[in-house]
Amino acid sequence: MLPKSSTVSAKLNSIERTSSSNTQQTPPFSFVSRINRLWLLLFIVSLQITILFMARSLPFHHRRTHLADPEPDPCSSGRIYVYNLPPVFNQELLNSCDELNPWSSSCEALSNGGLGRKAVGLSGVVPEELIPAWYLTDQFAMEIIYHNRILNHKCRTIDPNSATAFYIPFYAGLAVGKYLWSNYSWKDRDRYCDMILKWVQDQPYWNESDGWDHFMTMGRITWDFRRTKNEDWGTKCIYIPGMRNITRLLIERNPWDYFDVGVPYPSGFHPRSDSDIFRWQHFVRNRRRKTLFCFAGAPRGAVKNDFRGLLLSQCKNASGLCRAVDCTSARCSNGTSAILETFLDSDFCLQPRGDSFTRRSIFDCMIAGSIPVFFWHRSAYLQYQWFLPSEPKSYSVFIHRDEVKSGTSIKNVLESYSRDEVKKMREKVIEYIPKLVYAKPEKGLESIKDAFDVAIDGVLKRNKEHEQPGYKWRR
């Protein structure tokens, strides 16, 4: 018989063996849990992969989320406040349209919101469905066109406190135009500019910036507003103290004046919709051009060594490769069908300086898909940087005027371009056509930006920069 202590020890050993045996045969609970979690994780990952592959196989429009991205703010560059000027500065000038030109009435030319009369004689020249988009637009009508468009601009505000730019709808070009000829005095030519400056300087928002955030349209070349002596041509409008800080949109700028901005001359094509733009681009792209180059202009017999006369002479001696339109008569006024058809039929169009460094013909030529040939850098390259390609050689040819005077053959220069080079240059011209035209709708086109849109966007971005620290007008 075992002692009592031995019996207890034996029982304990028996229990330990049993427990040990049970431990070896049955997995602990924690191990089972880890296996279950592993399977659950594998299931979730496989489910996600399956959903991902199913989503990638769906068409895009079925994958869009219900929460659309917020629309970008079309007025992120700022808003425009339009001054309500006394009628003497705009509407009364229009009302006296028959007195603005000493030779004839300007009423028809300034009708239709500045677009002028409907063009005639275009049947067979342009596609029939686009004829209603053509007008006999006067080259000095931009003030009216811009005013009408700004009044309907999406970024116009009636709260001056929220404005980035302040527009002064003064028809400066019309106001001074009637006094440029006949026996008017320098005081007559300066009267309107003196009046508008006095009016605007009484406005609180002018005094906050001294005019740095104000802009206006001046529908003539800058030199008509830069008289330095009383006996000279034009008005001294730009040189009047207080006017220097205003951004000025002009059809020809002074390249060395920051506040002058060159904008396209108004031309005859005023698209009614995006589709008008597309149709016109297709038309000029596929036009069969019969002549290498052309020139439309009048010789200046009274000018010594007249350059236009030299171009006409080269054109006539180009063995049928050049088409000339002599504008000695009124055949070239406001973009007639004879001019348009000439540009449509030519690969290149010669663009010497006009009465000043620029001429409307540059834009008539490019809108027709013809490649401009320049002889002065100031005719385009230093004028319309917001509207033309940054690389001049991509859309134009430059031949220095002195080379032509020295006997360089324009025909030979233009013949040196291959057909592929000509095609590439024309395509660049066609690409930029929307930026060279002023659309007919007062609210603009559906999605394409025209010359007006580009100009206003540029002004707003410039004024936004003026708001940054460091500009001297900030107080």
Pairing a residue in region 93-110 that is acidic (Asp, Glu) with any residue that is open to solvent by less than 30 Å² (accessible area, probe 1.4 Å) and assigned to a helix (DSSP H, G or I), where Cβ atoms lie under 9 Å and the two sit 6 or more apart in sequence or on different chains, gives GLU108/CYS97
Candidates TRP206, TRP233, TRP199, filtered to the one that is touching a residue at least 60 places away in the same chain (Cβ under 8 Å) and assigned by the TED database to the domain that holds LYS461: TRP199
With the structure loaded, tell me whether SER416 is surrounded by fewer than 17 Cβ atoms within 10 Å (Cβ to Cβ), more than 25 Å from ARG285 (Cα to Cα) and polar (S, T, N, Q) or whether it fails that test. no
Taking region 249-308 and keeping only residues that are open to solvent by less than 10 Å² (accessible area, probe 1.4 Å), under 19 Å from the mean Cα position of the chain (by Cα) and small (Gly, Ala, Ser), one is left with GLY262, SER267, GLY268
Please go through region 449-475 and give me each residue that is outside any helix (DSSP H, G or I), at pLDDT below 85 and not aromatic (Phe, Trp, Tyr), ordered by number. GLU467, GLN468, PRO469, GLY470, LYS472, ARG474, ARG475
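Does region 76-90 hold any residues that are open to solvent by less than 20 Å² (accessible area, probe 1.4 Å) and either under 11 Å from TYR171 (Cβ atoms) or not aromatic (Phe, Trp, Tyr) (or both), and which are they? Write out each step before concluding.
The initial filter retains those residues of region 76-90 that are open to solvent by less than 20 Å² (accessible area, probe 1.4 Å), namely 78, 80, 82-83, 85, 89-90.
Result: GLY78, ILE80, VAL82, LEU85, PHE89, ASN90.
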State all residues of region 200-219 that are surrounded by fewer than 24 Cβ atoms within 10 Å (Cβ to Cβ) and farther than 21 Å from ASP159 by Cβ; if no residue qualifies, say none. GLN201, ASP210
So which residues in region 121-142 are open to solvent by 40 Å² or more (accessible area, probe 1.4 Å) and either of a type in the set (Asp, Glu) or touching a residue at least 24 places away in the same chain (Cβ under 8 Å) (or both)? GLY121, GLU128, GLU129, PRO132, GLN139, PHE140
Quick one: which of TRP212, TRP181 is assigned to a loop (DSSP other than H, G, I, E, B) and within 20 Å of SER106 (Cα to Cα)? TRP181
Of the residues in region 381-397, those that are buried (at least 17 other Cβ atoms within 10 Å of the Cβ), of a type in the set (A, V, I, L, M, F, W, C) and more than 15 Å from the chain's Cα centre (by Cα) come to VAL397
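State the number of residues belonging to region 150-171 that are in contact (Cβ under 8 Å) with a residue 40 or more places away in the chain, part of a helix (DSSP H, G or I) and open to solvent by 10 Å² or more (accessible area, probe 1.4 Å). Outline the logic, then answer.
Initial filter on region 150-171 (in contact (Cβ under 8 Å) with a residue 40 or more places away in the chain): 150-160, 162-171.
Among the residues that remain, those that are also part of a helix (DSSP H, G or I) are: 150-151, 160, 162.
Those still in the list that are open to solvent by 10 Å² or more (accessible area, probe 1.4 Å) too: 151, 160, 162.
Residues meeting the conditions: 3.
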Top-ranked residue in region 226-268 [being in contact with a strand residue (DSSP E or B) (Cβ under 6 Å, 6 or more places away or on another chain) and of a type in the set (Ser, Thr, Tyr); ranked as nearest to ASN463 (Cα to Cα)]: THR247
In region 400-421, is there at least one residue being assigned to a helix (DSSP H, G or I), under 20 Å from the mean Cα position of the chain (by Cα) and under 27 Å from TRP256 (Cβ atoms)? no
Residues of region 172-199 classified as in contact with a Pro (Cβ under 8 Å, 6 or more places away or on another chain) and either on the phi > 0 side of the Ramachandran plot or surrounded by 15 or more Cβ atoms within 10 Å (Cβ to Cβ) (or both), total: 3
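The values are calculated or read from the model by the stated rules, or taken from the named source; none is laboratory data. All of these numbers come straight from a predicted model, not from anything done at the bench. In this analysis, Cβ positions are derived from the backbone assuming ideal geometry, glycine residues included, and neighbour counts consider all displayed protein chains. Remember, those area values only see protein heavy atoms, side chains included, never the ligands or the DNA or RNA. Shrake-Rupley method; radii C 1.70, N 1.55, O 1.52, S 1.80 Å.
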